[in-house]
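In what follows, a structure is listed as C-alpha coordinates, so that the remarks can point back to it.
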Amino acid sequence: MTEHCSEELFDLLSGELDREATVRVVAHLRECGKCTDELVSVAVTHGSLRAARRAREELSPRPDISMEPLSVAQPPLGISPHRRFRRLYLATAAALIVLAGAGSALFLGRPSPPPVYALATLHHLDAPTDAAGRVTVRSTSRVKQMDVVTSGLPPAPANHYYEVWLLQPQTNKMLPVGLLSPSGEGTYSVAGAIMAQYSAVDISLQSNDGNPVHSTDSVLRGTVVPTFS
Amino acid sequence: MEQIELTSATAPVDELAARLRAGDERALEECYRRHGPLVRSYVGRFVPRDDCEDIVQQTFFELWRSRSRLDPARSVVAFTLGIARNRAIDQLRRRKNVVVDVSQLRDLVGEDGEVFVERLAWAADVRRGLDSLVNEQREALELAYFEDLTQREIADRLGIPIGTVKARMSRGMHHLAERIEKGELR
(Lines give C-alpha, C1' and ligand atoms only; values in the text may rest on other atoms or scores of the structure.)
Protein backbone atom coordinates (compact mmCIF):
# COMPACT_ATOMS: atom_id res chain seq x y z
CA MET A 1 0.00 0.00 0.00
CA THR A 2 1.23 3.47 -0.78
CA GLU A 3 1.82 6.12 1.85
CA HIS A 4 -1.17 7.54 3.75
CA CYS A 5 -2.51 10.77 2.27
CA SER A 6 -4.50 12.43 5.07
CA GLU A 7 -2.59 15.69 4.73
CA GLU A 8 -3.32 15.89 1.01
CA LEU A 9 -7.08 15.54 1.29
CA PHE A 10 -7.64 19.29 1.70
CA ASP A 11 -5.58 19.83 -1.44
CA LEU A 12 -7.70 17.24 -3.24
CA LEU A 13 -10.99 18.93 -2.30
CA SER A 14 -9.61 22.39 -3.02
CA GLY A 15 -8.29 21.52 -6.45
CA GLU A 16 -4.68 22.14 -5.47
CA LEU A 17 -3.34 18.73 -6.53
CA ASP A 18 -1.87 18.25 -9.97
CA ARG A 19 -2.76 15.30 -12.17
CA GLU A 20 -0.05 12.98 -10.90
CA ALA A 21 -0.80 13.67 -7.26
CA THR A 22 -4.53 13.27 -7.83
CA VAL A 23 -4.07 9.87 -9.43
CA ARG A 24 -1.76 8.79 -6.63
CA VAL A 25 -4.12 9.94 -3.87
CA VAL A 26 -7.18 8.37 -5.48
CA ALA A 27 -5.34 5.07 -5.97
CA HIS A 28 -4.44 5.09 -2.30
CA LEU A 29 -7.97 5.95 -1.21
CA ARG A 30 -9.29 2.96 -3.16
CA GLU A 31 -7.33 0.61 -0.99
CA CYS A 32 -7.04 2.41 2.35
CA GLY A 33 -10.03 2.45 4.64
CA LYS A 34 -8.26 4.70 7.14
CA CYS A 35 -7.69 7.47 4.60
CA THR A 36 -11.17 7.02 3.17
CA ASP A 37 -12.60 7.60 6.63
CA GLU A 38 -10.38 10.64 6.91
CA LEU A 39 -11.70 11.87 3.58
CA VAL A 40 -15.22 11.77 4.98
CA SER A 41 -14.12 13.92 7.93
CA VAL A 42 -12.31 16.39 5.70
CA ALA A 43 -15.27 16.61 3.31
CA VAL A 44 -17.71 17.27 6.16
CA THR A 45 -15.52 20.03 7.58
CA HIS A 46 -14.70 21.47 4.18
CA GLY A 47 -18.38 21.77 3.29
CA SER A 48 -19.32 23.15 6.70
CA LEU A 49 -16.64 25.82 6.69
CA ARG A 50 -17.55 26.79 3.14
CA ALA A 51 -21.17 27.11 4.27
CA ALA A 52 -20.10 29.29 7.20
CA ARG A 53 -18.09 31.52 4.90
CA ARG A 54 -20.94 31.84 2.42
CA ALA A 55 -23.49 32.62 5.13
CA ARG A 56 -21.30 35.37 6.50
CA GLU A 57 -21.09 36.92 3.07
CA GLU A 58 -24.83 36.64 2.66
CA LEU A 59 -25.31 38.52 5.88
CA SER A 60 -23.82 41.65 4.41
CA PRO A 61 -25.76 44.72 5.49
CA ARG A 62 -28.73 45.65 3.36
CA PRO A 63 -28.76 48.64 1.11
CA ASP A 64 -30.05 51.63 2.99
CA ILE A 65 -33.58 51.08 4.14
CA SER A 66 -35.20 54.39 3.46
CA MET A 67 -38.27 55.75 5.18
CA GLU A 68 -39.00 58.20 2.41
CA PRO A 69 -42.14 57.79 0.37
CA LEU A 70 -41.92 56.92 -3.28
CA SER A 71 -42.75 59.43 -5.95
CA VAL A 72 -44.01 56.74 -8.31
CA ALA A 73 -46.78 54.55 -6.94
CA GLN A 74 -46.16 50.81 -7.15
CA PRO A 75 -48.62 47.96 -6.75
CA PRO A 76 -49.19 47.19 -3.09
CA LEU A 77 -48.01 43.85 -1.87
CA GLY A 78 -48.35 42.17 1.50
CA ILE A 79 -45.34 40.63 3.09
CA SER A 80 -46.65 37.15 3.68
CA PRO A 81 -47.41 35.25 0.43
CA HIS A 82 -44.12 33.58 -0.29
CA ARG A 83 -44.99 32.39 -3.77
CA ARG A 84 -46.15 35.82 -4.76
CA PHE A 85 -42.76 37.19 -3.76
CA ARG A 86 -41.03 34.53 -5.77
CA ARG A 87 -43.05 35.25 -8.90
CA LEU A 88 -42.56 38.95 -8.51
CA TYR A 89 -38.86 38.48 -7.95
CA LEU A 90 -38.41 36.31 -10.99
CA ALA A 91 -40.47 38.62 -13.15
CA THR A 92 -38.90 41.85 -12.03
CA ALA A 93 -35.37 41.55 -10.84
CA ALA A 94 -35.26 45.24 -10.18
CA ALA A 95 -38.79 45.56 -8.93
CA LEU A 96 -40.12 48.15 -6.57
CA ILE A 97 -42.12 46.80 -3.71
CA VAL A 98 -44.38 48.24 -1.08
CA LEU A 99 -44.42 46.92 2.45
CA ALA A 100 -47.29 47.24 4.80
CA GLY A 101 -48.36 50.54 3.35
CA ALA A 102 -51.03 51.82 1.05
CA GLY A 103 -48.87 51.77 -1.99
CA SER A 104 -45.48 53.33 -1.82
CA ALA A 105 -42.17 51.56 -1.75
CA LEU A 106 -38.98 51.26 -3.65
CA PHE A 107 -36.33 48.79 -4.58
CA LEU A 108 -32.90 50.29 -4.35
CA GLY A 109 -30.37 48.27 -6.32
CA ARG A 110 -27.25 49.70 -4.74
CA PRO A 111 -24.20 47.50 -4.25
CA SER A 112 -23.97 46.11 -0.74
CA PRO A 113 -20.99 47.08 1.42
CA PRO A 114 -18.64 44.27 2.47
CA PRO A 115 -20.10 41.91 5.08
CA VAL A 116 -19.76 42.74 8.75
CA TYR A 117 -17.00 40.57 10.22
CA ALA A 118 -17.09 41.78 13.79
CA LEU A 119 -18.48 44.48 16.08
CA ALA A 120 -17.26 46.23 19.21
CA THR A 121 -18.92 48.60 21.62
CA LEU A 122 -16.43 51.04 23.16
CA HIS A 123 -16.89 51.94 26.80
CA HIS A 124 -15.40 54.91 28.58
CA LEU A 125 -12.27 54.53 30.65
CA ASP A 126 -10.59 57.81 31.43
CA ALA A 127 -13.27 59.84 29.69
CA PRO A 128 -16.65 61.41 30.46
CA THR A 129 -19.18 58.75 31.41
CA ASP A 130 -21.33 59.51 28.39
CA ALA A 131 -18.43 58.93 26.02
CA ALA A 132 -18.88 55.81 23.93
CA GLY A 133 -18.08 54.36 20.58
CA ARG A 134 -18.92 51.72 18.05
CA VAL A 135 -16.54 49.74 15.85
CA THR A 136 -17.75 47.91 12.78
CA VAL A 137 -15.26 45.60 11.09
CA ARG A 138 -16.13 44.71 7.52
CA SER A 139 -14.41 41.96 5.59
CA THR A 140 -13.19 42.14 2.03
CA SER A 141 -11.15 39.27 0.60
CA ARG A 142 -8.02 39.71 2.72
CA VAL A 143 -8.45 43.08 4.32
CA LYS A 144 -10.53 44.15 7.24
CA GLN A 145 -12.03 47.62 7.11
CA MET A 146 -12.57 49.05 10.55
CA ASP A 147 -15.10 51.87 10.94
CA VAL A 148 -14.89 53.68 14.27
CA VAL A 149 -17.58 56.11 15.41
CA THR A 150 -17.37 57.78 18.81
CA SER A 151 -19.56 60.18 20.72
CA GLY A 152 -19.16 62.24 23.87
CA LEU A 153 -15.39 62.58 23.72
CA PRO A 154 -14.27 66.11 24.57
CA PRO A 155 -12.10 67.86 21.99
CA ALA A 156 -8.48 66.81 22.39
CA PRO A 157 -6.50 69.42 24.37
CA ALA A 158 -4.05 71.64 22.55
CA ASN A 159 -1.21 69.67 20.96
CA HIS A 160 -2.96 66.37 21.68
CA TYR A 161 -4.88 63.92 19.52
CA TYR A 162 -6.87 60.71 19.82
CA GLU A 163 -5.35 57.56 18.37
CA VAL A 164 -6.99 54.20 17.59
CA TRP A 165 -5.19 50.98 18.57
CA LEU A 166 -5.77 47.27 18.23
CA LEU A 167 -5.14 45.49 21.52
CA GLN A 168 -4.58 41.92 22.64
CA PRO A 169 -5.51 42.17 26.34
CA GLN A 170 -3.87 38.88 27.31
CA THR A 171 -0.44 40.09 26.27
CA ASN A 172 -0.98 43.86 26.10
CA LYS A 173 0.31 43.70 22.55
CA MET A 174 -0.83 46.88 20.77
CA LEU A 175 -0.86 48.10 17.21
CA PRO A 176 -1.63 51.71 16.24
CA VAL A 177 -4.00 51.89 13.28
CA GLY A 178 -4.48 55.63 12.90
CA LEU A 179 -5.64 58.93 14.25
CA LEU A 180 -9.25 59.59 15.15
CA SER A 181 -10.52 62.55 13.21
CA PRO A 182 -11.60 65.65 15.15
CA SER A 183 -15.18 64.66 14.34
CA GLY A 184 -14.63 61.47 16.35
CA GLU A 185 -14.71 59.05 13.44
CA GLY A 186 -12.26 57.12 11.37
CA THR A 187 -11.94 54.29 8.87
CA TYR A 188 -8.89 52.05 8.85
CA SER A 189 -7.75 49.09 6.75
CA VAL A 190 -5.92 46.19 8.40
CA ALA A 191 -4.73 42.90 6.91
CA GLY A 192 -7.03 40.12 8.03
CA ALA A 193 -4.23 37.97 9.41
CA ILE A 194 -3.02 40.86 11.56
CA MET A 195 -6.51 41.80 12.70
CA ALA A 196 -7.01 38.19 13.82
CA GLN A 197 -4.22 38.62 16.37
CA TYR A 198 -6.14 41.25 18.34
CA SER A 199 -9.39 41.06 20.22
CA ALA A 200 -10.02 44.61 21.40
CA VAL A 201 -9.98 48.20 20.22
CA ASP A 202 -8.54 50.98 22.35
CA ILE A 203 -8.58 54.75 21.85
CA SER A 204 -5.92 56.77 23.62
CA LEU A 205 -5.25 60.44 24.13
CA GLN A 206 -1.78 61.12 22.79
CA SER A 207 0.54 64.08 23.17
CA ASN A 208 1.96 65.42 19.94
CA ASP A 209 5.50 65.07 21.27
CA GLY A 210 6.93 62.76 18.64
CA ASN A 211 6.71 59.70 20.88
CA PRO A 212 4.78 57.00 18.96
CA VAL A 213 4.28 54.78 22.02
CA HIS A 214 0.85 54.40 23.61
CA SER A 215 0.41 57.13 26.20
CA THR A 216 -1.33 54.73 28.63
CA ASP A 217 -4.10 57.35 28.74
CA SER A 218 -6.88 55.16 27.32
CA VAL A 219 -10.24 56.89 26.99
CA LEU A 220 -12.36 54.21 25.28
CA ARG A 221 -12.01 50.47 24.94
CA GLY A 222 -14.12 47.55 23.76
CA THR A 223 -13.91 43.88 22.86
CA VAL A 224 -14.20 42.91 19.22
CA VAL A 225 -16.89 40.26 18.86
CA PRO A 226 -17.04 38.29 15.60
CA THR A 227 -20.54 38.29 14.16
CA PHE A 228 -20.50 34.50 14.05
CA SER A 229 -19.01 33.85 17.42
CA MET B 1 6.20 21.95 18.88
CA GLU B 2 2.89 21.11 17.29
CA GLN B 3 0.01 21.02 19.73
CA ILE B 4 -2.03 17.90 19.25
CA GLU B 5 -4.48 18.04 22.09
CA LEU B 6 -7.82 19.54 21.20
CA THR B 7 -9.54 21.35 24.00
CA SER B 8 -12.95 21.25 22.41
CA ALA B 9 -13.06 17.66 21.21
CA THR B 10 -13.63 16.43 24.69
CA ALA B 11 -15.74 19.36 25.82
CA PRO B 12 -19.30 18.53 26.86
CA VAL B 13 -22.19 19.18 24.55
CA ASP B 14 -23.22 22.81 24.81
CA GLU B 15 -25.70 23.14 27.63
CA LEU B 16 -26.87 26.65 26.99
CA ALA B 17 -30.40 25.57 26.09
CA ALA B 18 -30.68 23.43 29.20
CA ARG B 19 -29.44 26.26 31.40
CA LEU B 20 -31.90 28.68 29.82
CA ARG B 21 -34.74 26.24 30.39
CA ALA B 22 -33.70 26.00 34.01
CA GLY B 23 -34.02 29.76 34.38
CA ASP B 24 -30.31 30.56 34.63
CA GLU B 25 -30.10 34.30 33.95
CA ARG B 26 -26.38 34.05 33.31
CA ALA B 27 -27.19 31.73 30.44
CA LEU B 28 -29.28 34.50 28.91
CA GLU B 29 -26.38 36.92 29.30
CA GLU B 30 -24.08 34.41 27.67
CA CYS B 31 -26.58 33.90 24.89
CA TYR B 32 -26.76 37.65 24.31
CA ARG B 33 -22.99 37.95 24.29
CA ARG B 34 -22.59 34.98 21.98
CA HIS B 35 -25.43 35.58 19.55
CA GLY B 36 -26.33 39.26 19.95
CA PRO B 37 -24.01 40.49 17.17
CA LEU B 38 -25.38 37.90 14.74
CA VAL B 39 -28.98 38.73 15.61
CA ARG B 40 -28.19 42.43 15.19
CA SER B 41 -26.60 41.84 11.78
CA TYR B 42 -29.50 39.64 10.69
CA VAL B 43 -32.22 42.06 11.78
CA GLY B 44 -30.28 44.98 10.34
CA ARG B 45 -30.69 43.52 6.88
CA PHE B 46 -34.42 44.04 6.97
CA VAL B 47 -35.45 46.87 9.26
CA PRO B 48 -34.41 50.51 9.56
CA ARG B 49 -31.47 51.15 11.84
CA ASP B 50 -33.66 52.98 14.36
CA ASP B 51 -35.74 49.85 14.89
CA CYS B 52 -32.90 47.37 14.89
CA GLU B 53 -31.80 47.60 18.51
CA ASP B 54 -35.40 47.46 19.74
CA ILE B 55 -35.94 44.21 17.88
CA VAL B 56 -32.72 42.74 19.23
CA GLN B 57 -33.88 43.55 22.77
CA GLN B 58 -37.35 42.14 22.05
CA THR B 59 -35.78 38.99 20.67
CA PHE B 60 -33.79 38.19 23.79
CA PHE B 61 -36.66 39.19 26.03
CA GLU B 62 -38.88 36.78 24.17
CA LEU B 63 -36.17 34.12 24.25
CA TRP B 64 -36.23 34.39 28.03
CA ARG B 65 -40.01 34.32 28.23
CA SER B 66 -40.27 31.31 25.93
CA ARG B 67 -37.34 29.42 27.39
CA SER B 68 -39.58 26.53 28.44
CA ARG B 69 -40.12 25.76 24.75
CA LEU B 70 -36.40 25.43 24.07
CA ASP B 71 -35.39 22.00 22.88
CA PRO B 72 -31.94 21.14 24.29
CA ALA B 73 -31.32 19.07 21.19
CA ARG B 74 -31.83 22.08 18.93
CA SER B 75 -29.50 24.95 18.25
CA VAL B 76 -30.17 27.91 20.52
CA VAL B 77 -29.03 30.30 17.83
CA ALA B 78 -31.56 28.87 15.37
CA PHE B 79 -34.33 29.33 17.94
CA THR B 80 -33.16 32.87 18.66
CA LEU B 81 -32.92 33.83 15.01
CA GLY B 82 -36.41 32.43 14.48
CA ILE B 83 -37.73 34.83 17.12
CA ALA B 84 -35.82 37.72 15.55
CA ARG B 85 -37.25 36.84 12.16
CA ASN B 86 -40.82 36.96 13.47
CA ARG B 87 -40.21 40.27 15.23
CA ALA B 88 -38.70 41.76 12.08
CA ILE B 89 -41.70 40.70 10.02
CA ASP B 90 -44.07 42.18 12.64
CA GLN B 91 -42.14 45.42 12.61
CA LEU B 92 -42.21 45.73 8.84
CA ARG B 93 -45.94 45.07 8.82
CA ARG B 94 -46.48 47.88 11.31
CA ARG B 95 -44.30 50.47 9.64
CA LYS B 96 -45.47 52.57 6.74
CA ASN B 97 -43.47 53.43 3.70
CA VAL B 98 -40.54 51.19 4.52
CA VAL B 99 -38.29 50.70 1.54
CA VAL B 100 -36.59 47.32 1.34
CA ASP B 101 -34.61 45.44 -1.26
CA VAL B 102 -37.00 42.79 -2.55
CA SER B 103 -34.26 40.19 -2.97
CA GLN B 104 -33.36 40.59 0.69
CA LEU B 105 -36.99 40.21 1.70
CA ARG B 106 -36.90 36.74 0.19
CA ASP B 107 -34.41 35.95 2.96
CA LEU B 108 -36.95 37.03 5.59
CA VAL B 109 -40.37 35.77 4.63
CA GLY B 110 -41.87 32.39 3.85
CA GLU B 111 -39.95 29.21 3.27
CA ASP B 112 -36.85 31.01 2.02
CA GLY B 113 -36.74 33.01 5.24
CA GLU B 114 -36.84 29.85 7.34
CA VAL B 115 -34.09 28.26 5.28
CA PHE B 116 -31.97 31.38 5.59
CA VAL B 117 -32.30 31.38 9.37
CA GLU B 118 -31.29 27.73 9.56
CA ARG B 119 -28.31 28.37 7.32
CA LEU B 120 -27.14 31.29 9.44
CA ALA B 121 -27.58 29.26 12.59
CA TRP B 122 -25.54 26.40 11.20
CA ALA B 123 -22.86 28.82 10.09
CA ALA B 124 -22.73 30.33 13.57
CA ASP B 125 -22.41 26.92 15.17
CA VAL B 126 -19.66 25.89 12.76
CA ARG B 127 -17.86 29.13 13.44
CA ARG B 128 -18.10 28.49 17.17
CA GLY B 129 -16.71 25.02 16.63
CA LEU B 130 -13.83 26.51 14.70
CA ASP B 131 -13.16 29.01 17.46
CA SER B 132 -12.93 26.20 19.98
CA LEU B 133 -10.03 24.48 18.23
CA VAL B 134 -6.52 24.98 19.54
CA ASN B 135 -5.12 28.25 18.23
CA GLU B 136 -2.71 26.78 15.69
CA GLN B 137 -5.40 24.72 14.00
CA ARG B 138 -8.03 27.46 14.14
CA GLU B 139 -5.65 30.01 12.69
CA ALA B 140 -4.68 27.81 9.75
CA LEU B 141 -8.30 26.98 8.92
CA GLU B 142 -9.40 30.59 9.28
CA LEU B 143 -6.74 31.78 6.90
CA ALA B 144 -7.68 29.09 4.39
CA TYR B 145 -11.45 29.40 4.53
CA PHE B 146 -12.10 32.99 5.57
CA GLU B 147 -9.06 34.78 4.15
CA ASP B 148 -8.73 32.75 0.95
CA LEU B 149 -5.06 31.98 1.48
CA THR B 150 -3.46 28.91 -0.07
CA GLN B 151 -1.46 26.59 2.14
CA ARG B 152 1.75 28.02 0.70
CA GLU B 153 0.55 31.55 1.51
CA ILE B 154 -0.41 30.47 5.03
CA ALA B 155 3.05 29.00 5.52
CA ASP B 156 4.66 32.23 4.33
CA ARG B 157 2.35 34.35 6.46
CA LEU B 158 3.01 32.36 9.62
CA GLY B 159 6.65 31.68 8.89
CA ILE B 160 6.28 27.91 9.25
CA PRO B 161 6.92 24.98 6.87
CA ILE B 162 4.06 24.08 4.55
CA GLY B 163 4.11 20.57 6.00
CA THR B 164 3.23 22.07 9.37
CA VAL B 165 0.35 23.96 7.80
CA LYS B 166 -0.96 20.76 6.24
CA ALA B 167 -0.68 18.91 9.53
CA ARG B 168 -2.47 21.64 11.48
CA MET B 169 -5.27 21.85 8.96
CA SER B 170 -5.63 18.10 8.77
CA ARG B 171 -5.89 17.76 12.54
CA GLY B 172 -8.22 20.73 12.82
CA MET B 173 -10.56 19.39 10.15
CA HIS B 174 -10.56 15.96 11.75
CA HIS B 175 -11.44 17.36 15.18
CA LEU B 176 -14.12 19.67 13.80
CA ALA B 177 -15.68 16.79 11.87
CA GLU B 178 -15.80 14.76 15.08
CA ARG B 179 -17.72 17.53 16.84
CA ILE B 180 -20.11 17.86 13.92
CA GLU B 181 -20.67 14.11 13.78
CA LYS B 182 -21.34 13.91 17.51
CA GLY B 183 -23.87 16.74 17.28
CA GLU B 184 -21.88 18.90 19.65
CA LEU B 185 -22.26 22.08 17.66
CA ARG B 186 -25.60 23.45 18.71
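The values are calculated or read from the model by the stated rules, or taken from the named source; none is laboratory data. Predicted model, so just to flag it, every value in this text is computed and none were measured. No Cβ is skipped: glycine too gets one built from the backbone with ideal geometry, and neighbour counts run over all protein chains shown.
Just to verify a result, which residue in region B:15-33, among those that are buried (at least 19 other Cβ atoms within 10 Å of the Cβ) and within 14 Å of the chain's Cα centre (by Cα), is farthest from B:Phe61 (Cα to Cα)? Across region B:15-33, the extreme among qualifying residues is B:Leu16.
Before we move on, is B:Arg93 at the interface with another protein chain (Cβ under 7 Å from one of its Cβ atoms) and assigned to a helix (DSSP H, G or I)?
Working: at the interface with another protein chain (Cβ under 7 Å from one of its Cβ atoms): yes; assigned to a helix (DSSP H, G or I): yes.
So B:Arg93 passes the test.
Counting only residues that are under 19 Å from the mean Cα position of the chain (by Cα), over 18 Å from A:Glu8 (Cβ atoms) and hydrophobic (A, V, I, L, M, F, W, C), region B:141-175 holds 2 of them. Just one of the listed residues (B:Asp148, B:Asp107) is under 26 Å from A:Val40 (Cα atoms), at the interface with another protein chain (Cβ under 8 Å from one of its Cβ atoms) and not in a helix (DSSP H, G or I), and it is B:Asp148. Every residue in region A:8-21 that is within 20 Å of A:Thr45 (Cα to Cα) and surrounded by fewer than 19 Cβ atoms within 10 Å (Cβ to Cβ), please. Hits for region A:8-21 are A:Leu13, A:Ser14, A:Gly15, A:Glu16.
Could you say which residue among B:Arg128, B:Arg94, B:Arg186, B:Arg171 is of a type in the set (D, E, K, R), at pLDDT below 90 and closer than 30 Å to A:Ala191 by Cβ? Spell out the reasoning first.
Details: B:Arg94 fails: closer than 30 Å to A:Ala191 by Cβ; B:Arg186 fails: closer than 30 Å to A:Ala191 by Cβ; B:Arg171 fails: at pLDDT below 90.
The conditions single out B:Arg128.
Looking across A:Ala52, A:Ala43, one residue alone is modelled with pLDDT of 50 or more, within 10 Å of chain B (Cβ to nearest Cβ) and in contact with a Lys or Arg (Cβ under 7 Å, 6 or more places away or on another chain). It is A:Ala52.
Is region A:141-151 home to any residue that is within 14 Å of chain B (Cβ to nearest Cβ), over 25 Å from B:Gly129 (Cα atoms) and among the aliphatic types (A, V, I, L, M)? Yes, some residue in region A:141-151 is within 14 Å of chain B (Cβ to nearest Cβ), over 25 Å from B:Gly129 (Cα atoms) and among the aliphatic types (A, V, I, L, M).
For region B:42-65, filtering for residues that are assigned to a helix (DSSP H, G or I), at the interface with chain A (Cβ under 10 Å from one of its Cβ atoms) and more than 18 Å from the chain's Cα centre (by Cα) leaves 4.
When the criteria are applied in full, B:Arg171 meets the requirement of being touching a residue at least 12 places away in the same chain (Cβ under 8 Å), of a type in the set (D, E, K, R), crowded, with 21+ Cβ neighbours inside 10 Å and more than 8 Å from chain A (Cβ to nearest Cβ).
Take A:Val219 and decide whether it is in the same structural domain as A:Asp130 (by TED's automatic domain parsing) and touching a residue at least 60 places away in the same chain (Cβ under 8 Å). Even if it seems obvious, please write down each step before you answer.
Values: in the same structural domain as A:Asp130 (by TED's automatic domain parsing): yes; touching a residue at least 60 places away in the same chain (Cβ under 8 Å): yes.
So A:Val219 passes the test.
Scanning region B:24-31 for residues that are within 12 Å of another protein chain (Cβ to nearest Cβ) and free of Cβ contacts under 8 Å to residues at least 40 places away in the same chain turns up at least one hit.
Condition check ((1) surrounded by fewer than 20 Cβ atoms within 10 Å (Cβ to Cβ); (2) touching a Ser or Thr at 6+ places or on another chain (Cβ under 6 Å); (3) closer than 30 Å to B:Ala144 by Cβ) across all residues:
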residue: A:Val135; (1), (2), (3): no, no, yes
residue: A:Ala158; (1), (2), (3): yes, no, no
residue: A:Glu185; (1), (2), (3): yes, no, no
residue: A:Val201; (1), (2), (3): no, no, yes
residue: A:Ser215; (1), (2), (3): yes, yes, no
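Taking A:Ile194 as the residue in question, decide whether it is without any contact (Cβ under 8 Å) to a residue 60 or more places away in the chain and either in a helix (DSSP H, G or I) or not assigned by TED's automatic domain parsing to the domain that holds A:Arg54 (or both).
Yes: the conditions hold for A:Ile194.
Here the condition is being modelled with pLDDT under 85 and assigned to a helix (DSSP H, G or I); of B:Ala11, B:Ala78, B:Ala17, it holds for B:Ala17 alone. Residue count for region B:155-168 under the criterion of being without any contact (Cβ under 8 Å) to a residue 24 or more places away in the chain and at the interface with chain A (Cβ under 9 Å from one of its Cβ atoms): the result is 4.
For the criterion of being at the interface with chain A (Cβ under 10 Å from one of its Cβ atoms) and crowded, with 18+ Cβ neighbours inside 10 Å, B:Arg128 passes. For region B:129-147, the tally of residues that are hydrophobic (A, V, I, L, M, F, W, C) and without any contact (Cβ under 8 Å) to a residue 24 or more places away in the chain stands at 2.
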